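Notes follow once the structure below has been shown.
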């Protein structure tokens, strides 16, 4: 959560065991008596200040593509607990998470928004499972190129299904049909996801008339790299 905040966006997960979560505040903070059981004053602002430049440098490396977030988090994971940068990141992350918990608990609108987005994301996973219900046989999926091809194909088919359903929804709701909606009062559409599966026949066959473009494909394949680019 600290890295995402440094990158300019807020990570808003649905945290497990919410009743067991604690609010971490700086050591110098004054805690009201009614909150003493759920507030832990252990955050060291000094550690954050001392390593702030390094934290910003780490975030900049991720943003500019010099490293990935996965590699950076693995490099400064729990195995690097003796690193000052790791300790500063943990302290900052606890502060960010505490602020997020306060917003999450205090704002019903925020909770509804987060839950709705998570449900939409899970509906996309359901769509992907409906597109491909099988599994790789043992000879397949052993190489990175095969995994990339399978993942790319599944992503392409998922995007096609989402695009088709979105197009049909837009045509029905905003087209010239009798079901067209007025230009206002459509806030409820934010609760509707295009990741439906009941309107799609997953046992159909796609046919592409590649022969119409055979000459163009062969010409593009033989063209110089500079011209093709």
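The values are calculated or read from the model by the stated rules, or taken from the named source; none is laboratory data. Quick caveat: nothing in here was measured; it's all calculated off a predicted structure. Positions of Cβ are backbone-derived with ideal geometry, glycine not excepted, and every protein chain shown enters the neighbour counts.
Things to note:
- Looking only at the range 13-56, residues that are in contact with a helix residue (DSSP H, G or I) (Cβ under 9 Å, 6 or more places away or on another chain) and assigned to a strand (DSSP E or B) come to 8 in all.
- The range 207-229, subset in a loop (DSSP other than H, G, I, E, B) and at pLDDT 75 or above, residue farthest from residue 113 (Cα to Cα): 209
- Residue within the range 45-61 that is in contact (Cβ under 8 Å) with a residue 12 or more places away in the chain and in contact with a strand residue (DSSP E or B) (Cβ under 9 Å, 6 or more places away or on another chain) present: yes
- Evaluation of residue 75 against (1) within 18 Å of residue 6 (Cα to Cα); (2) loosely packed, with under 14 Cβ neighbours inside 10 Å; (3) within 22 Å of the chain's Cα centre (by Cα) (one fails), failing number: (2)
- Scope the range 76-124; condition out of contact with any helix residue (DSSP H, G or I) (no Cβ under 6 Å at 6 or more places or on another chain) and closer than 13 Å to residue 55 by Cα; matching residues: 83, 84, 90
- The set of residues from the range 19-35 being surrounded by 10 or more Cβ atoms within 10 Å (Cβ to Cβ) and modelled with pLDDT of 85 or more comprises 21, 22, 23, 24, 25, 26, 27, 29, 31.
- Selection of helices (runs of 4 or more DSSP H) fully inside the range 84-186 by the criterion of at least 2 residues being at pLDDT below 80 returns 144-174.
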